[in-house]
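Only the coordinates and a few stated rules stand behind these numbers; no lab work does. Keep in mind that this is a model prediction, so the values were computed, not measured. No Cβ is skipped: glycine too gets one built from the backbone with ideal geometry, and neighbour counts run over all protein chains shown.
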Amino acid sequence: MTDQSVAKAIVDPDHLPIWDDPREALYHRVTIELDKCDGCRLCVVVCPANLLELFGPKDNLKARLKADATGCMSCNNCYAVCAGQGIYATEPYDFAGYYEQKAIGAFAPPRKF
Amino acid sequence: MSETLDLEDLEDLDDLEDLDCDLEVGTTRSERTALRRSTVHDIEPGADWNDVEHAILTRRSIRKFKGRQPPAHMIRRILEMGRFAPSQGNCQPWSFVVVRDKAMIAEMEAYGVAVCKGMTASIDYTNYAEGTEQRSAILSSTQELNRQNPNSFHPVPMTAIKAIANGRFAVFHKAPTVILILVDRRGVGVPEVDVGVVGTNIVLAAQSLGLGTCWVGFSRLLSSNAALLEKLGVAPPFEIAEAICVGYPIGNPTQQTIARQTHQITWWEDGEKQVLF
């Protein structure tokens, strides 16, 4: 995981994040459980930010994040289509300064009240 | 037998509530009250999702569509759900442009891509390495634009603009049907909010019928092309507010509901304030 503490350290509310600086723009906190991945490629197809790719030998393909990937917005489309439930966003994206996420809590599935 | 009602006889609001339903001619007031109490009741805590809740929870923004065109009657049907949306002052400040013509969608897409290419070239400092003069020049002007219009230059749409310019992403997601929602600028209050409510009806109705949808805010980029607007039939007082792409989703994006962030709820009750998530 990237240094969230660094991003939160910038307290100036007018500060606008530098989008390619990982200390100020935190993207792609995605977990992929490789033992649940069967290489079906659906997550690669549906990812709106085009962040995923397959790797490995042809008979044992697995999904992973591209090396230069940026722009995951924690939409969890990958999880929604994954038959093995092996890929999911673990934290919302976040930025420093003006765009810092506020009043946002942990991920939760639909809760019945 | 006719029944008259003196409002002064009503003891509390519960009595008033009894008046508002079951308009069957010929029933007495007490019969109507008994019927209402037998059919309207609160759900139990933890009850299963009903159909509307299920549609809400399984809806995903779909950005990869099959080539098959949804039948016209289904599009008419989901637009009909939009027509019954609430609006401020019941002013209904919207109209629709439905584009199911491949050539027309391609033209809209091409213009959107051109705009994104222009924007990327002029404001995307990440095209240049750190420490270069070009980068610092563009960075300062981008940050100034950002200050003036912070919502449009949020890092997420900026990333999408770059991806569109590089051909990694499409404005209208190659959808077979694109619904442009136009806003009547003369609407009561904040007409853009009404457009959001209409679109939500449309999107949820589509979900319940097995169609995938995606909101496209970038559709507003088309507003800078007068020729295209004329061709589409968009004229004042109407403006493009949003677009919704419609088609059959690739994969099975409804097989599981996802986890989403929780949000702060400040809850006032009985003179006490709680903060919930």
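Per-structure values
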item: Other-chain or far-sequence residues with amide H under 5 Å of B:GLU242's (modelled H); result: B:ILE181
item: Partner chain coverage, peptide A:12-23 - average Cβ within 10 angstrom; result: 4
item: Percent of beta bridges antiparallel (DSSP, the protein assembly as shown, rounded to nearest 5); result: 95
item: Residue with peak Gaussian network fluctuation, chain B [Cα springs, cutoff 10 Å], from B:LEU222, B:LEU139, B:LEU211; result: B:LEU139
item: No Cys partner within the rule (Cβ under 4.7 Å), chain A; result: A:CYS37, A:CYS40, A:CYS47, A:CYS72, A:CYS75, A:CYS82
item: Sites excluded, GluC sites (Glu not before Pro) in DSSP loops with at most 16 other C-beta within 10 Å, longest stretch of chain B; result: B:131-277
item: Relative contact order of chain A, defined on C-alpha pairs under 8 angstrom at six or more residues apart (%); result: 34
item: Global form of segment B:159-277, assessed from the alpha-carbon gyration tensor, a/c cut-off 1.5; result: oblate
item: Alpha-carbon centroids, segment B:180-206 and segment B:123-168: separation in whole Å; result: 30
item: Cα centroid of segment B:39-108 to Cα centroid of segment A:56-113, whole Å; result: 25
